[in-house]
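The values are calculated or read from the model by the stated rules, or taken from the named source; none is laboratory data. Just so you know, these numbers come straight off a predicted model, no measurement behind them. Note: ideal-geometry Cβ built from the backbone for every residue, glycine included; neighbour counts use all protein chains shown.
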Amino acid sequence: MATLLVKNIHTLVTMDDQRREIKNGALFVRDGVLEQVGITRELPVAADSVLDLHDRYVVLPGLVNTHHHFYQVLTRAVPGAQDCELFGWLKTLYPIWSNLTSEAIYTSALMAAAELMLSGCTTSSDHLYLFPNDCTLDDEIRAMREIGMRFHASRGSMSVGVSRGGLPPDSLVEDENRILQDSRRLIETYHDNSRHSMLRMTLAPCSPFSVSTDLMKESAALARSYAGVRLHTHLAENELDVRYSLEKFGQTPSQYVESLGWTGSDVWHAHCVQLDDSGIRSFAQTRTGIAHCPTSNMRLGSGAMPLRRMLEAGVSIGLGVDGTASNDSCNMLHEARSALLLARVSEKNSAALTARKALELATRGGAAVLGRDDIGFLAPRMSADFVAINIDRPQFAGADWDIVAALILCQTDSVDYSFIQGKKVVDQGHLTTCDLGSLIEKTKALAASLRHATS
Ligand SMILES: [Zn+2]
């Protein structure tokens, strides 16, 4: 039995049902699970391991990233893709991605996870939907186990290439039987639906414009034959995406997914920038989740998701950094700030999203979207996933009025401590589970080989 006490927390942001913010707070952890949450003087005074934060840190639940493509770390800021909308951006990048290798998938996953963990993320999903050469989803699962991040792995897929009216090149699509076989293999090998699970599986055909209606239906049936396996795809990302749906299927994106059974509490869709009012009502009624990716939506000029209307309708929403080729970073703290700013500018409403609500989307919101009841807030019986941020940083000087709102309003870049399942993975701003310097060098070398292969 290993115990951990974190004490003298300046402000403990629990995000619990009462949204308590506890001054001089403390957490007591046993075997990776929170046992007590409260005021320092009321908690045990000793533990196997003690971290005294000397009243200089804010602690909050670990952030939850609901949408990403780790491999895109290797194609950040590609010149031909810097100023394109979604379809042009994809067509520019597909040929580069066709040179990915198993080693590239593994290393980019480590690099993305490192950047996420340093910015406070403790749980991430990832959506890997192309498997050229020797790439497999096993590569990124191995990386995430090594770096120690809680992970929702998505077996993505593309099966409709250009010759059949899809967007990707034929060389990047897979046979549908093979996709389903590999999906089953991955679920049987890795999926863990237990409480505090570090790895759960999702089936995730890439988008309506790259897979068939059959594969969407078959994937849903396969996922639903296992407890806790979820469904995910891209939906209604921009106006061209909606036009494709109307022309190809004669349905809006929301009508299309409803007709396929791709709504429900076990489904979450990325983007939904162009989801119409009936789609919003349907998602709220069916408890279908959304991964809101504000930075990517701004970067690609996709538009602004009607966040406030969706929240008012009761839609379940988390945040996602989206792939690193359209963000071009993996910083969850920045994403929460982007969500606040985009909501305000798109609504011309300075109260469209508060700083605390932005933090809530990044924590509780993301946990709900991933179907988790053991992460997202700090309370007894929850996983010990939390981060600490020093308040003596330059950007917080003068922000003692409201240090919690300052986490978003003053643009926080990184965390000082991070614990995942009670294990310290960031210590005084440094990752404990990987050598960041050599990882950056390896990532740069792999990006260089992609550049050479396509030049
Ligand atoms: Zn995406």
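Below is a table of values for the structure above.
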| item | result |
| --- | --- |
| Every pair of residues 6+ apart whose Cβ atoms lie under 7 Å, when the first sits in segment 430-448 and is touching a residue at least 60 places away in the same chain (Cβ under 8 Å) while the second is of a type outside the set (Phe, Trp, Tyr) and in a loop (DSSP other than H, G, I, E, B) | Thr433/Gly148 |
| The listed residue being over 30 Å from Gly365 (Cβ atoms), surrounded by 19 or more Cβ atoms within 10 Å (Cβ to Cβ) and touching a helix residue (DSSP H, G or I) at 6+ places or on another chain (Cβ under 9 Å), out of Val64, Val58, Val78, Val13 | Val78 |
| Residues of segment 397-451 satisfying the condition of being among the hydroxyl-bearing types (Ser, Thr, Tyr), more than 21 Å from the chain's Cα centre (by Cα) and part of a loop (DSSP other than H, G, I, E, B) | Thr432 |
| Residue selected from segment 231-261 under the condition outside any helix (DSSP H, G or I) and within 16 Å of the ligand (Cβ to nearest atom), by the criterion farthest from the chain's Cα centre (by Cα) | Asn238 |
| Any pair with Cβ under 8 angstrom, 6 or more apart, that starts in segment 269-297 at a residue that is of a type in the set (Lys, Arg) and ends at one that is modelled with pLDDT of 95 or more | Arg281/Ala313; Arg287/Gly264; Arg287/Ser265; Arg287/Ser316 |
| For Arg142: the one exception among (1) touching a Leu at 6+ places or on another chain (Cβ under 9 Å); (2) surrounded by fewer than 23 Cβ atoms within 10 Å (Cβ to Cβ) | (1) |
| Residue within segment 163-170 that is in contact with an Asp or Glu (Cβ under 8 Å, 6 or more places away or on another chain), assigned to a helix (DSSP H, G or I), surrounded by fewer than 21 Cβ atoms within 10 Å (Cβ to Cβ) and at pLDDT 95 or above present | yes |
| Gly303 being in contact with a helix residue (DSSP H, G or I) (Cβ under 7 Å, 6 or more places away or on another chain), under 27 Å from Asp16 (Cβ atoms), surrounded by fewer than 22 Cβ atoms within 10 Å (Cβ to Cβ) and among the small types (Gly, Ala, Ser) | no |
| Condition broken by Ala351, with the remaining ones in (1) under 30 Å from Arg309 (Cα atoms); (2) without any contact (Cβ under 8 Å) to a residue 24 or more places away in the chain; (3) touching a Gly at 6+ places or on another chain (Cβ under 9 Å) satisfied | (3) |
| Residue in segment 263-289 that is nearest to Ala223 (Cα to Cα), counting only those that are within 16 Å of the ligand (Cβ to nearest atom) and part of a loop (DSSP other than H, G, I, E, B) | Cys272 |
| Candidate set from segment 144-161 (those that are in contact (Cβ under 8 Å) with a residue 60 or more places away in the chain and outside any strand (DSSP E or B)); member that is nearest to the chain's Cα centre (by Cα) | Met149 |
| Any hit, segment 110-119, residues being more than 18 Å from the chain's Cα centre (by Cα), among the acidic types (Asp, Glu) and surrounded by fewer than 24 Cβ atoms within 10 Å (Cβ to Cβ) | no |
| Any pair with Cβ under 8 angstrom, 6 or more apart, that starts in segment 1-12 at a residue that is at positive phi and ends at one that is polar (S, T, N, Q) | Asn8/Asn24; Asn8/Thr40 |
| Segment 295-318, subset within 13 Å of the ligand (Cβ to nearest atom) and in contact with a Ser or Thr (Cβ under 7 Å, 6 or more places away or on another chain), residue nearest to Gly261 (Cα to Cα) | Ser296 |
| Which listed residue, of Ser329, Ser350, Ser338, is within 22 Å of His67 (Cβ to Cβ), part of a loop (DSSP other than H, G, I, E, B), out of contact with any His (no Cβ under 9 Å at 6 or more places or on another chain) and among the hydroxyl-bearing types (Ser, Thr, Tyr) | Ser329 |
| Residue list for segment 337-357, filter: within 16 Å of the chain's Cα centre (by Cα) and either buried (at least 24 other Cβ atoms within 10 Å of the Cβ) or among the hydroxyl-bearing types (Ser, Thr, Tyr) (or both) | Ser338, Ala339 |
| Residues of segment 381-399 satisfying the condition of being at positive phi and charged (D, E, K, R) | Arg381 |
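Rundown of residues vs (1) in contact with a Leu (Cβ under 7 Å, 6 or more places away or on another chain); (2) closer than 19 Å to Ala379 by Cα; (3) not basic (Lys, Arg), yes/no style:
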| position | (1), (2), (3) |
| --- | --- |
| Arg20 | no, yes, no |
| Thr66 | yes, no, yes |
| Leu74 | yes, no, yes |
| Pro79 | no, no, yes |
| Leu93 | no, no, yes |
